[in-house]
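Read through the structure below, which is laid out as structure tokens, and then see the notes.
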2 protein chains.
Amino acid sequence: MERVSVGLLGLGTVGTGVARLLVEEADRIARRSGRAIDLKWVVVRDPHKKRGVELPNARIVTDVRRVLDDPEVEVVIETMGGIHPTLETVLEALAAKKDVVTANKALLAEHGTTVFGQARKYGRAVAFEASVGGGIPIVQALGVSLAANQVQSLAAIVNGTCNFILTAMTREGTPYESALRKAQELGYAEADPTMDVDGTDTAHKLAVLAQLAFEANIKTAQIPRQGIDRLQTADIRYAGELGYVVKLLALAKLSEFGLELRVAPTLVKKGTPLADVSGPYNAIRVVGDAVGDTLFYGRGAGMMPTASAVVGDLVDVVSGRTAVTFRTLNLWSESKPVPKLTPPSAVHSRYYLRFMIADRPGVLASLATVLGTKGISIASVIQHDPGDDEPAGSPVPLVIMTHMAAEAGIRAALDEIDGLGVVHAPSVCLGVEE
Amino acid sequence: MERVSVGLLGLGTVGTGVARLLVEEADRIARRSGRAIDLKWVVVRDPHKKRGVELPNARIVTDVRRVLDDPEVEVVIETMGGIHPTLETVLEALAAKKDVVTANKALLAEHGTTVFGQARKYGRAVAFEASVGGGIPIVQALGVSLAANQVQSLAAIVNGTCNFILTAMTREGTPYESALRKAQELGYAEADPTMDVDGTDTAHKLAVLAQLAFEANIKTAQIPRQGIDRLQTADIRYAGELGYVVKLLALAKLSEFGLELRVAPTLVKKGTPLADVSGPYNAIRVVGDAVGDTLFYGRGAGMMPTASAVVGDLVDVVSGRTAVTFRTLNLWSESKPVPKLTPPSAVHSRYYLRFMIADRPGVLASLATVLGTKGISIASVIQHDPGDDEPAGSPVPLVIMTHMAAEAGIRAALDEIDGLGVVHAPSVCLGVEE
């Protein structure tokens, strides 16, 4: 059997998982690749650190040049993460005629055009299954399996940290801060969780998904996004009363108005497959014009699930399939037209609204009047009797679920209502995914 | 752009969907294939029948030889179904150096070794994504994306007819016969639904899945199977009380005892992803040693979903990827060892049991004693007060959910209990998938 030498950059969680698969399952992976894989180099920051894997045949070094300058190495696996110096290293690897496997969604979302331009220039391929949805083969599904389809919409739960926190808030009524702490204790959230909870990580992944599904070169900054960091347990509870759960969704929809993209906490109908995606799991719902509704579900992070995707990519690269896919897909190409994004005025949805209103006569009427003048029709209302727990005169929550409405109308109505002098606290507004 | 000529055998539901995609979405498919696809021949039984597709450039003929003898045709798409003469036609197409795309699970389950042997002999490829799960890319997932994994278990809902019937029985309490009639009226069941409802179609698909996931050459006859045709609404209701729904599952598990395969109505815990797969939808749960739990969900049948899979295969074949996959996977190879199947004595599960017992003192005690002597531990019991609706002395249902138990012990206990003279009607026994 022919052999192929590869270099691994980074031996953190994902890198360790990749090394373990390559060492411990070498026979299986060789059989499925058609070539035996030699993990020749592993580049780390600290060569003396104890690792969770035995690497009898790999040379552990700190200098990435050892890999880049070795003409025997045909594939570089990048699990360093971050943008710099990862970008420069990846560009050099491609210039040195090595294929690249990466799990780095931020790199692709921000610098996909540069990376793929370089790959095309040097006739190399870049594989990135692990960049979205961890072990879920969504990149393969969108890039290859669903090739007969024009994707019409995507709705994705692709941040396990947020989904874990939301599941705890939903099931146990835990406030956001405690749920976040629990996620950190269990290793589902980083010490600094900002990029996860503010929706940035989800937006990176949506940029990658949009590239595959809609051939749309999107920068993360173009995606309107809202995280879960200001979400209150009360809204999760009221959503539950209305028959919905709240999920942080990456949404993309193609319509006559263009491509609509958004990352936001969204109400999802109970009993539908996305609603049941709990804890650290991820799922991507894809609607194609031929295939209809599909859903891909699995672990979105973690050592071995992510390593499963990285090594799957490696098998694809080594066997020669990735080169074919790369040639036909023309991803992150500069020659692609700038995608037309749906203007906010054309966005329609049902909306969940919560107002903290003064408990006195006429308030509901004045709110309903504003909504009515903006053409927003009310589907259901929740206002519970505050009972004796609250001092008289305390603001009470008024929850309204609208019928389909224009986002622009909703925004105008909220501005007007917040200026009426009868609502306390800024009003809450969440979209609904049917 | 280079061009490639293909021939389509059959213009039934799936064939019409394939032709529609090839004609109406020609540009999209050409771009993703890297070559423009000419649908040159369409072979039908009745050339005068009105079809749901315009085929301006294809020649509609009745003689399959026109396709087989045309050296320009590089790929044959088989949507005729059935075993004969489909098998002979496919073998001739391969001998004529044409690649084959097929949706025919029965053909693969029964004659996979012959078909793939012929393909290897003539250096051709066979693609079969549409044979299991309709539009769900499960063949690609098992054969390519999850290549880094040893699959440990599969649990699949792959017969939309059965799932539609079970959903109706569960949600509306409809008896089996009426649910089947409703499925037939809505086009979800054939006029002769035998192969669907008796589990044969699911067993065919399990044979294909086992080949991909476990490299196991399994004949349908080796798979113990039970259909839904004798399932009673009462058992679905009691399962519901215990927190389960009943699904017709194709099950495969790898353990130290070998490979366990089964098709049977099975209790699935509510709130888990498989339990929520409703109506005509399909889903396949795959557990891999690296990736962990995954689920693939979508429409398991129908014109366009199945055509999506067939045309996806065609794109894969034409682009050259299938040839690579075909070479590395070595599917349905005669050289593979005969798989070791788990002996019935080593099968363990939780079990749902229902007995129709005489409503008199001591009966529960005698049943419980038999179960105890066979080492079967009881987890929960349901016996409702028959009330005044039933005449005194009528048999009453006794439902028992066991803890983990050996299948052999359960069978022995049921035999003994059925011989006690205190139970009416044969006892019901269903496995539980946790």
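The values are calculated or read from the model by the stated rules, or taken from the named source; none is laboratory data. From a predicted model like this one, the values you see are computed outputs, not experimental measurements. Quick reminder, even Gly has a Cβ in these numbers, built from the backbone with ideal geometry, and neighbours come from all protein chains shown.
Listing for the model above:
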read-out	value
Residues that are at the interface with another protein chain (Cβ under 7 Å from one of its Cβ atoms), of a type in the set (Gly, Ala, Ser) and closer than 25 Å to A:ALA103 by Cβ, drawn from the range A:276-306	A:GLY298
Verdict on A:ALA309 being in a loop (DSSP other than H, G, I, E, B) and at the interface with chain B (Cβ under 8 Å from one of its Cβ atoms)	no
Meets criteria (over 17 Å from B:ASN104 (Cβ atoms) and either under 32 Å from the mean Cα position of the chain (by Cα) or assigned to a helix (DSSP H, G or I) (or both)) for B:LEU8	no
Residue match in the range B:80-97 (condition: charged (D, E, K, R) and either assigned to a loop (DSSP other than H, G, I, E, B) or at positive phi (or both))	yes
A:THR202 more than 29 Å from B:ARG321 (Cβ to Cβ), surrounded by fewer than 24 Cβ atoms within 10 Å (Cβ to Cβ) and under 16 Å from the mean Cα position of the chain (by Cα)	no
B:GLY393 being of a type in the set (Gly, Ala, Ser) and assigned to a helix (DSSP H, G or I)	no
Test: residue in the range A:35-47 that is surrounded by fewer than 18 Cβ atoms within 10 Å (Cβ to Cβ) and touching a Gly at 6+ places or on another chain (Cβ under 9 Å)	yes
Meets criteria (in contact (Cβ under 8 Å) with a residue 12 or more places away in the chain, outside the structural domain of A:VAL126 (by TED's automatic domain parsing) and either in contact with a strand residue (DSSP E or B) (Cβ under 8 Å, 6 or more places away or on another chain) or among the aromatic types (Phe, Trp, Tyr) (or both)) for A:VAL363	yes
Output for the range A:13-68, where each listed residue is assigned to a helix (DSSP H, G or I) and touching a Phe, Trp or Tyr at 6+ places or on another chain (Cβ under 8 Å)	A:ARG66, A:VAL67
Any hit, the range A:117-134, residues being away from chain B (no Cβ under 13 Å), crowded, with 24+ Cβ neighbours inside 10 Å, of a type in the set (Gly, Ala, Ser) and not in a strand (DSSP E or B)	yes
Odd one out for A:GLY375 among (1) under 25 Å from the mean Cα position of the chain (by Cα); (2) surrounded by fewer than 15 Cβ atoms within 10 Å (Cβ to Cβ)	(1)
Count of residues meeting criterion [touching a helix residue (DSSP H, G or I) at 6+ places or on another chain (Cβ under 7 Å), more than 14 Å from chain A (Cβ to nearest Cβ) and of a type in the set (Lys, Arg)] in the range B:1-51	1
Hey, B:VAL370 part of a strand (DSSP E or B), out of contact with any Ser or Thr (no Cβ under 9 Å at 6 or more places or on another chain) and not charged (D, E, K, R) or not	no
All positions within the range A:302-330 that are surrounded by 23 or more Cβ atoms within 10 Å (Cβ to Cβ) and under 15 Å from the mean Cα position of the chain (by Cα)	A:THR306
Checking B:PRO273 against (1) buried (at least 21 other Cβ atoms within 10 Å of the Cβ); (2) of a type outside the set (Phe, Trp, Tyr); (3) facing chain A (nearest Cβ under 7 Å); (4) farther than 20 Å from B:LYS205 by Cβ, the condition it does not meet	(4)
Filter pass, B:ALA156 being outside any helix (DSSP H, G or I) and either surrounded by fewer than 20 Cβ atoms within 10 Å (Cβ to Cβ) or free of Cβ contacts under 8 Å to residues at least 12 places away in the same chain (or both)	no
Residue in the range B:262-282 that is modelled with pLDDT of 95 or more and within 21 Å of A:VAL315 (Cβ to Cβ) present	no
Near pairs, Cβ below 8 angstrom, 6+ apart or cross-chain, from the range A:230-245 (buried (at least 19 other Cβ atoms within 10 Å of the Cβ)) to any residue that is polar (S, T, N, Q) and assigned to a helix (DSSP H, G or I)	A:ILE236/A:THR170; A:VAL245/A:THR170
Matching residues, the range A:172-198, being part of a helix (DSSP H, G or I) and in contact (Cβ under 8 Å) with a residue 60 or more places away in the chain	none
Members of the range A:398-434 found to be within 8 Å of A:TYR351 (Cα to Cα) and surrounded by fewer than 15 Cβ atoms within 10 Å (Cβ to Cβ), listed by number	A:HIS403, A:MET404
Counted residues, the range B:364-417 - those being within 21 Å of B:ILE236 (Cα to Cα) and among the β-branched types (Val, Ile, Thr)	8
Some residue of the range B:351-361 being away from chain A (no Cβ under 14 Å), buried (at least 19 other Cβ atoms within 10 Å of the Cβ) and at pLDDT below 95	yes
Only one of B:GLU92, B:GLU78 that is farther than 28 Å from A:VAL324 by Cα, of a type outside the set (A, V, I, L, M, F, W, C) and in contact with a Leu (Cβ under 6 Å, 6 or more places away or on another chain)	B:GLU92
Selection from the range B:312-347 of residues that are within 11 Å of another protein chain (Cβ to nearest Cβ) and among the basic types (Lys, Arg)	B:ARG321, B:ARG327
Among (1) in the same structural domain as A:TYR176 (by TED's automatic domain parsing); (2) touching a residue at least 60 places away in the same chain (Cβ under 8 Å), the one test that A:ALA106 misses	(1)
Filter result for the condition that a residue is at pLDDT 95 or above and of a type in the set (A, V, I, L, M, F, W, C), over B:ALA239, B:ALA191	B:ALA239
Of residues in the range B:224-245 being assigned to a loop (DSSP other than H, G, I, E, B) and touching a Lys or Arg at 6+ places or on another chain (Cβ under 7 Å), the one farthest from A:ARG28 (Cα to Cα)	B:GLY243
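Condition check ((1) touching a Cys at 6+ places or on another chain (Cβ under 6 Å); (2) of a type in the set (A, V, I, L, M, F, W, C); (3) away from every other protein chain (no Cβ under 13 Å)) across all residues:
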site	(1), (2), (3)
B:ALA141	no, yes, no
B:SER145	no, no, no
B:ALA148	no, yes, no
B:VAL158	no, yes, yes
B:CYS162	no, yes, yes
B:ILE165	no, yes, yes
B:PRO175	no, no, yes
B:LYS182	no, no, yes
